[in-house]
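Undergrad: Have a look at this one before I ask anything.
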Amino acid sequence: MATEPPAAAGPTELNAVVITCCSLESQWDASFIKALDRVKAEKPHGVTINYEVTENTWGDDAIKVARNYLDTAPRDIVWLTSTYSDQVEKMMNDYPDTIFVVHGSGNRGLGKNQYWVYMRVHEAAYLLGLMAGKLTKNNKVGSAATFAYDDVNDELNAFFQGAKDVNPEVKQTVSFIESWYDPIKGNEATNAQAAAGVDWLLQLADGWEACTTKDIMCYGNFGDQNPLAPNNVPNSTLALWDPSIKWIIDEWWAFKTEGKPLNGNLEPRWFTMAEGGADIGEWYTLDGKIPQDLIDQVEAKRQEILDGTFTVLLNIETPKSDAP
């Protein structure tokens with residue numbers, strides 16, 4: 001009696017490249033590398049993940065860097081951690097067996113071997129807004145932000161909504177520094193907000209020196225940033241790229257072992273808090289400035305989000321400062 005031949009063994013290694021727009025001092029990029037290391041340690045599908053990183057690469061320079069890697073040795077996945085779909089379009093057909101992954105707003109869905117991932121932390125930002133609304137003494141909360149893009153606007157709007165849901169007297173102030181990473185501009189924007197009376201701020205622009213010198217409460221973004229202002233950062237949103245990385249690896253594995261065609265998404269994909277894509281970090285009570293009973297209330301709302309009994313509105317409209 002004939003027997004089925006044994007299934008071909010899958011690959012044992014995955015070779016990848018990460019090309020970042022900024023330095024790894026930026027939490028956007030640093031959080032991705034931390035997630036990639038966590039996934040690497042898990043060895044999905046029993047695969048050993050090898051990767052190399054090139055930082056601070058923008059525009060068509062990314063094409064030169066990617067081609068240099070790809071022409072030197074085969075690579076299974078190229079992660080480009082910002083707006084690079086224009087560059088991917090110019091080279092994806094030359095490397096049809098390589099998956100290109102772009103991150104965030106400003107990209108376009110190209111299908112085939114380009115995949116498009118978003119990071120949304122609006123649910124986490126809402127939770128931090130609850131605490132800000134409860135504890136602001138001036139009824140003024142703000143944000144020093146990067147760009148008015150939809151995956152920035154979503155967390156700003158959620159943060160302000162959280163504050164106003166528990167304190168209708170709150171007025172919001174927002175400014176954009178028009179840079180993904182510029183601590184000098186971030187400090188200038190934070191100083192201006194503090195001068196306007198903001199005492200709780202969602203810090204997206206890395207103005208940590210101003211948070212300390214002006215002694216205002218500043219939330220971190222995409223990772224635990226308390227070490228940058230230990231007396232002024234009670235918590236941070238967490239960008240958890242793990243499920244998006246695993247999704248891409250699953251797509252690669254199916255392509256390699258089942259012959260499933262690469263069919264990149266045309267609309268961005270992101271993962272909710274309940275799906276493990278975002279969260280809030282550790283609470284720092286800052287010598288009693290953050291009351292435990294309020295922490296407990298915020299954590300209870302967090303559990304509602306995880307359970308699916310509470311939904312944070314996704315609002316991508318550009319936020320504006322309230323009238324004084």
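Here is a yes/no grid of residues against (1) in the same structural domain as GLY59 (by TED's automatic domain parsing); (2) in contact with a Cys (Cβ under 8 Å, 6 or more places away or on another chain); (3) not hydrophobic (A, V, I, L, M, F, W, C):
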{"site": "MET92", "(1), (2), (3)": "yes, no, no"}
{"site": "TYR95", "(1), (2), (3)": "yes, no, yes"}
{"site": "VAL101", "(1), (2), (3)": "yes, no, no"}
{"site": "GLY106", "(1), (2), (3)": "yes, no, yes"}
{"site": "GLY109", "(1), (2), (3)": "yes, no, yes"}
{"site": "LYS112", "(1), (2), (3)": "yes, no, yes"}
{"site": "TYR126", "(1), (2), (3)": "no, no, yes"}
{"site": "GLY129", "(1), (2), (3)": "no, no, yes"}
{"site": "GLY133", "(1), (2), (3)": "no, no, yes"}
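Undergrad: All but one of (1) at positive phi; (2) not in a loop (DSSP other than H, G, I, E, B) hold for LYS112; state the number of the condition that does not hold.
TA: Against the list (1) at positive phi; (2) not in a loop (DSSP other than H, G, I, E, B), LYS112 comes up short only on (2).
Undergrad: Looking only at the range 45-85, filter to residues that are under 21 Å from the mean Cα position of the chain (by Cα) and assigned to a helix (DSSP H, G or I); which one of those is farthest from ASP29 (Cα to Cα)?
TA: Residues of the range 45-85 under 21 Å from the mean Cα position of the chain (by Cα): 51-59, 62, 77-85.
Checking the rest, the ones that are also assigned to a helix (DSSP H, G or I) come to 62, 85.
Details: ALA62: 15, SER85: 17 Å.
Per the stated criteria, the residue is SER85.
Undergrad: Which condition number does THR57 fail, the rest of (1) free of Cβ contacts under 8 Å to residues at least 40 places away in the same chain; (2) surrounded by fewer than 20 Cβ atoms within 10 Å (Cβ to Cβ); (3) of a type in the set (Val, Ile, Thr); (4) in contact with a strand residue (DSSP E or B) (Cβ under 6 Å, 6 or more places away or on another chain) being met?
TA: (2)
Undergrad: The conditions are (1) within 24 Å of GLU42 (Cα to Cα); (2) not in a loop (DSSP other than H, G, I, E, B), and MET273 fails exactly one of them. Which is it?
TA: The one condition MET273 does not meet is (2).
Undergrad: Which pairs turn up if I take residues in the range 92-110 that are in contact (Cβ under 8 Å) with a residue 60 or more places away in the chain and look for partners that are basic (Lys, Arg) and buried (at least 23 other Cβ atoms within 10 Å of the Cβ) with beta carbon separation below 9 Å, at least 6 apart in sequence or on another chain?
TA: Filtered contacts from the range 92-110: no entries.
Undergrad: Scan the range 212-259 for residues that are over 26 Å from ALA195 (Cα atoms) and either outside any loop (DSSP other than H, G, I, E, B) or small (Gly, Ala, Ser) (or both) and report the count.
TA: The qualifying residues number 21.
Undergrad: Please give the number of the condition GLN297 fails out of (1) part of a loop (DSSP other than H, G, I, E, B); (2) surrounded by 15 or more Cβ atoms within 10 Å (Cβ to Cβ); (3) touching a residue at least 60 places away in the same chain (Cβ under 8 Å).
TA: Tallying (1) part of a loop (DSSP other than H, G, I, E, B); (2) surrounded by 15 or more Cβ atoms within 10 Å (Cβ to Cβ); (3) touching a residue at least 60 places away in the same chain (Cβ under 8 Å), GLN297 fails exactly one: (1).
The values are calculated or read from the model by the stated rules, or taken from the named source; none is laboratory data. These figures come from a predicted structure and were not determined experimentally. Ideal geometry is used to build each Cβ from the backbone, glycine not excepted, and the neighbour counts take in all protein chains shown.
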